[in-house]
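Below is one structure; the comments refer to it alone.
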């Protein structure tokens, strides 16, 4: 049997990789690996940080019964926004140093999985890279159950980077 080589090159496997980060070292390492993958594939990256609204975060707390007692809503939202901006800047800087095109996106949504899926669709991402669990200090952003939900609901590949 004689095999001939096709003259046309195959389309790139991934062209826009979504990096879901929450600030945990695991998610930042997954983002670094996602950037390395993007560089190897000549792809770009979209970085998403999802924060949950105050009412969702404190849904089971005293703050719902007595607003602004546990943690004032304005302070919460300002801190979450500032944290998201810092995370995006950190990952964007790493991508720029690697000479990978990058776009940062911050979403506030009661359902982090849905927010990630929405961003992936809106930005035309063809893969998602994330860690298998989130940062306990930033509860309800990307925890193990969110990763599992994302894997089962995404219609694009989800690459879960486990640290060794």
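The table for this structure:
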item: Residue in the range 138-158 that is more than 23 Å from residue 28 (Cβ to Cβ), over 13 Å from the mean Cα position of the chain (by Cα), at pLDDT 80 or above and part of a helix (DSSP H, G or I) present; result: yes
item: Residue in the range 77-90 that is surrounded by fewer than 17 Cβ atoms within 10 Å (Cβ to Cβ), modelled with pLDDT of 90 or more and in contact with a helix residue (DSSP H, G or I) (Cβ under 8 Å, 6 or more places away or on another chain) present; result: yes
item: Residue within the range 32-43 that is touching a helix residue (DSSP H, G or I) at 6+ places or on another chain (Cβ under 6 Å) and at pLDDT below 95 present; result: no
item: Answer residue from the range 116-133, given it is at pLDDT below 95 and in contact with a strand residue (DSSP E or B) (Cβ under 6 Å, 6 or more places away or on another chain) and is farthest from residue 146 (Cα to Cα) among those; result: 130
item: Tabulated pairs, the range 122-139, first closer than 13 Å to residue 163 by Cβ, second at pLDDT below 85 and surrounded by fewer than 16 Cβ atoms within 10 Å (Cβ to Cβ), C-beta under 8 angstrom, 6+ apart or interchain; result: 131/162; 131/163; 132/144; 132/162; 133/144
item: Output for the range 13-31, where each listed residue is part of a helix (DSSP H, G or I), in contact with a helix residue (DSSP H, G or I) (Cβ under 8 Å, 6 or more places away or on another chain) and surrounded by fewer than 24 Cβ atoms within 10 Å (Cβ to Cβ); result: 28
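The values are calculated or read from the model by the stated rules, or taken from the named source; none is laboratory data. Values in this document were obtained by computation on a predicted structure and should not be read as measured data. Note that each Cβ is placed from the backbone with ideal geometry, even for glycine, and that neighbours are counted across all protein chains shown.
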